[in-house]
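First comes the structure, then the notes that go with it.
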Amino acid sequence: MIVKMKKISVILLDSHREESISELGRLGVLHLEPMKGEGERLTALRATEERLRKVEQALPLDVKGGRRREIESADFVQIEKIVDEVSALDEEAQRTEELVERLSREAERLEPWGRFEPADVRFLREHGIDLRLYVISANRLKELGADAKPFVNFRTKSKIGCTTVGRSEAFREDEELTLPEQGLATVRRRIKENTERLSAIETRLQQLAHRRDLIEEHLKSLGQDIEFEEVRTGLASEEGLAFLTGYVPDRGVKALGEAAAAHGWGLLIRDPEPDDPVPTLVENPRWIRIIKPMFSFLGLVPGYKEFDISPWFLIFFSVFFALLIGDAAYGLIFLVVTIFARFRMPKARPEFFRMMYVFSICTIAWGAVTGTWFGSEAISQNSFLSKLIIPQLYSFDSGNNSFIMYLCFTIALAHLTLAHLLNVVKKLPSLVAVSDIGAIGLIWGLYFLVITLVVGKPLNPAALWLIIGGLGVEVVFSDQNGNFGKGILVGLAKLPLKLLNSVSAFSDIVSYVRLFAVGLATVAVAESFNGMAMGAANGGVLGYVAMAVILLLGHGLNIALGALALIVHGVRLNLLEFSGHLEMEWSGVAYRPFTVVKEKLVSNK
């Protein structure tokens, strides 16, 4: 559920600007509109933040996975030393990498010439023997003429390296090899030395990896300092008063009002205007909150005036997860791994683990009723497991394909119908809501058409009337804004666009067949690897080892492909097909109240 917000302007004495901002920050309920602060202190804080970001990126993750250590006050005395050391190491690593790259190119250039020392060539030149080195194209040698008299040092398919005593007019200036400062042996030695230095830098950074937590905490507190300074210097002021505007959830208005009375602020409280950049705060019951990690991973925030589809996303994505993975044994693997991970990370937030429990159990249930266990028909015939199978869904009976496609299209019908029902509720009592009822009729008609064309079922006689009637209702009611006749004329003018939308709706319904296709592919891939493994098992001990490797790699690859399908297909059906029919743009900005902690980790000096 998207929490209702109030738009609030706060008026305070400019002479008490800093104290008032601190109090607002400690209250922690006001999401401020963006401010452009300025000043030397803010510039210095941002520069420090940028430097710390580079240090954070330079430090590797603590792969040992040790317990997060407590940050002690003594660390702040040492932090500048840590930052200086990591910055110096990072800069040295960049310089060294560039040097190794240059030396490697030089070694590649010198490699064909062999182990010669440029100092020897210079010595010969100083004593009257003007030795010159040239690199020419393979077909140029015949063009040089007898007077050139080059000595060929090496040949490749495209180039020839040669030397002459004295400069020859037969060669062009760009063909002469610039004498290097160092020979190949020296270049290789320097590459080795600098590569070893890079390794030493990497080792030292790895030793400092456990200090990454300290840098991250420092950055968090520094971010609060920067935000505070942006607000302090960005406030508009006039005649001794300062002003700021933000948004507060309904439940936070009372606390803000009490703080205003205590500190002498003026408040202007009103409902947001349609064009206001209102932040979105989503709050749901515990059972729905388990889908929050998915939205965080995708970086999605609904607009303030849009829908919170969390419960519907959770329900339908659970179904999509089960159908796309499709294998009960894979579901068991997900469940065991999730339980193990939860055991190893008891202090982590529980939502992700609960979400994976739901997805895993749904996958096990679907795999059980379809008889899919590691893609093996033999396992499905186990006396106990066979009792769980629903015959019409059995994966190893190709005659069931039509029924499973029919099921996928029925899921599409339910999903898209739900989207337009939600639109009807949202748009009431406006007449525009009736257009979504027409869209529902259109979708049902297209659904009957799809199952006839794809599944082969007889066409429902009502299909044509539902399509024509639904389209007609959309034309009449989709643009009703007060003048009924004008709304009809506008709808007729947009009829070509609505016909295109009807084609798009047909495509959206067909799109759900991907649930069947990916599930079928998962079983086919598993069967193929099982067959390969059984074939390898005929070769004695080594054969059984090969069988185990094939099964491990094959099913591991199949699980990885299934996970990819969840993002490509499962998420798509929710965020494109379903959200598209909901008219969602995912244009929201997350609610983030201005907050100042009482005990800062970063000094304000």
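The single condition among (1) at pLDDT 90 or above; (2) surrounded by fewer than 17 Cβ atoms within 10 Å (Cβ to Cβ) that residue 29 does not meet is (2).
Restrict the check to region 410-432 and report whether at least one residue is closer than 17 Å to residue 326 by Cα and in contact (Cβ under 8 Å) with a residue 40 or more places away in the chain. Among the residues of region 410-432, at least one is closer than 17 Å to residue 326 by Cα and in contact (Cβ under 8 Å) with a residue 40 or more places away in the chain, which makes the answer yes.
Failed condition for residue 195, given (1) hydroxyl-bearing (Ser, Thr, Tyr); (2) part of a loop (DSSP other than H, G, I, E, B); (3) touching a residue at least 40 places away in the same chain (Cβ under 8 Å), with all others met? Evaluating residue 195 over (1) hydroxyl-bearing (Ser, Thr, Tyr); (2) part of a loop (DSSP other than H, G, I, E, B); (3) touching a residue at least 40 places away in the same chain (Cβ under 8 Å) leaves (2) as the failure. Would you confirm, using the coordinates I've provided, whether residue 188 is of a type in the set (D, E, K, R) and part of a helix (DSSP H, G or I)? Here the answer is yes, as residue 188 does meet what is asked. Restricting attention to region 6-60, the residues being hydrophobic (A, V, I, L, M, F, W, C) and either assigned by TED's automatic domain parsing to the domain that holds residue 304 or more than 18 Å from residue 267 (Cα to Cα) (or both) number 9. Against the test of being in contact (Cβ under 8 Å) with a residue 24 or more places away in the chain and either more than 35 Å from the chain's Cα centre (by Cα) or surrounded by fewer than 18 Cβ atoms within 10 Å (Cβ to Cβ) (or both), the options 489, 499 yield a single qualifying residue, 499. Looking at region 362-381 only, could you name the residues that are in contact with a Leu (Cβ under 7 Å, 6 or more places away or on another chain) and under 26 Å from residue 297 (Cα atoms)? Of everything in region 362-381, those that are in contact with a Leu (Cβ under 7 Å, 6 or more places away or on another chain) and under 26 Å from residue 297 (Cα atoms) turn out to be 364, 366. Just to be sure, is residue 507 out of contact with any Lys or Arg (no Cβ under 6 Å at 6 or more places or on another chain), modelled with pLDDT of 90 or more, part of a helix (DSSP H, G or I) and outside the structural domain of residue 568 (by TED's automatic domain parsing)? Criteria met by residue 507.
Going residue by residue through region 217-232, is there one that turns out to be among the hydroxyl-bearing types (Ser, Thr, Tyr) and closer than 25 Å to residue 58 by Cα? Checking region 217-232: at least one residue is among the hydroxyl-bearing types (Ser, Thr, Tyr) and closer than 25 Å to residue 58 by Cα. Among the residues of region 161-178, those that are under 22 Å from residue 128 (Cα atoms) and either under 49 Å from the mean Cα position of the chain (by Cα) or surrounded by 13 or more Cβ atoms within 10 Å (Cβ to Cβ) (or both) comprise 162, 163, 164, 165, 168, 170, 171, 176, 177, 178. Of all residues assigned to region 206-217, at least one qualifies as being without any contact (Cβ under 8 Å) to a residue 24 or more places away in the chain and in the same structural domain as residue 80 (by TED's automatic domain parsing). The residue of region 472-491 that is farthest from residue 511 (Cα to Cα), among those that are of a type in the set (A, V, I, L, M) and touching a helix residue (DSSP H, G or I) at 6+ places or on another chain (Cβ under 6 Å), is 488. Taken over region 432-474, the residue count meeting the criterion of being outside any helix (DSSP H, G or I) and over 21 Å from residue 580 (Cα atoms) is 6. Any residue at all in region 336-344 that is of a type outside the set (A, V, I, L, M) and under 30 Å from residue 396 (Cα atoms)? Scanning region 336-344 turns up at least one residue that is of a type outside the set (A, V, I, L, M) and under 30 Å from residue 396 (Cα atoms).
Picking from residues in region 373-389 that are among the aliphatic types (A, V, I, L, M) and surrounded by 12 or more Cβ atoms within 10 Å (Cβ to Cβ), the one that is nearest to residue 559 (Cα to Cα) is 379.
The condition (being touching a residue at least 60 places away in the same chain (Cβ under 8 Å), outside the structural domain of residue 422 (by TED's automatic domain parsing) and either within 22 Å of the chain's Cα centre (by Cα) or not in a helix (DSSP H, G or I) (or both)) is satisfied by just one residue among 359, 334, 297, 320: 320. Total residues in region 35-55 satisfying the condition of being in contact (Cβ under 8 Å) with a residue 60 or more places away in the chain and either exposed (fewer than 15 other Cβ atoms within 10 Å of the Cβ) or under 23 Å from residue 242 (Cα atoms) (or both): the figure is 8. Restricting attention to region 123-143, the residues that are in contact (Cβ under 8 Å) with a residue 12 or more places away in the chain and over 60 Å from the mean Cα position of the chain (by Cα) total 2. Scanning region 228-276 for residues that are surrounded by fewer than 13 Cβ atoms within 10 Å (Cβ to Cβ) and part of a loop (DSSP other than H, G, I, E, B), we see that the one that is modelled with the lowest pLDDT is 239.
Take residue 327 and decide whether it is acidic (Asp, Glu), under 19 Å from residue 564 (Cβ atoms) and more than 20 Å from the chain's Cα centre (by Cα). In short, yes. Filter region 411-446 for residues that are hydroxyl-bearing (Ser, Thr, Tyr) and modelled with pLDDT under 95; which is surrounded by the fewest Cβ atoms within 10 Å (Cβ to Cβ)? Of everything passing the filter in region 411-446, 430 is surrounded by the fewest Cβ atoms within 10 Å (Cβ to Cβ).
Given the structure, is residue 363 of a type outside the set (A, V, I, L, M, F, W, C) and modelled with pLDDT of 95 or more?
Numbers: of a type outside the set (A, V, I, L, M, F, W, C): yes; modelled with pLDDT of 95 or more: yes.
Spelling it out, residue 363 is indeed of a type outside the set (A, V, I, L, M, F, W, C) and modelled with pLDDT of 95 or more.
The values are calculated or read from the model by the stated rules, or taken from the named source; none is laboratory data. Keep in mind that what you see is a predicted model, and the values were worked out from it rather than measured. Every residue, glycine as well, gets a Cβ built from its backbone with ideal geometry; the counts of neighbours run over all protein chains shown.
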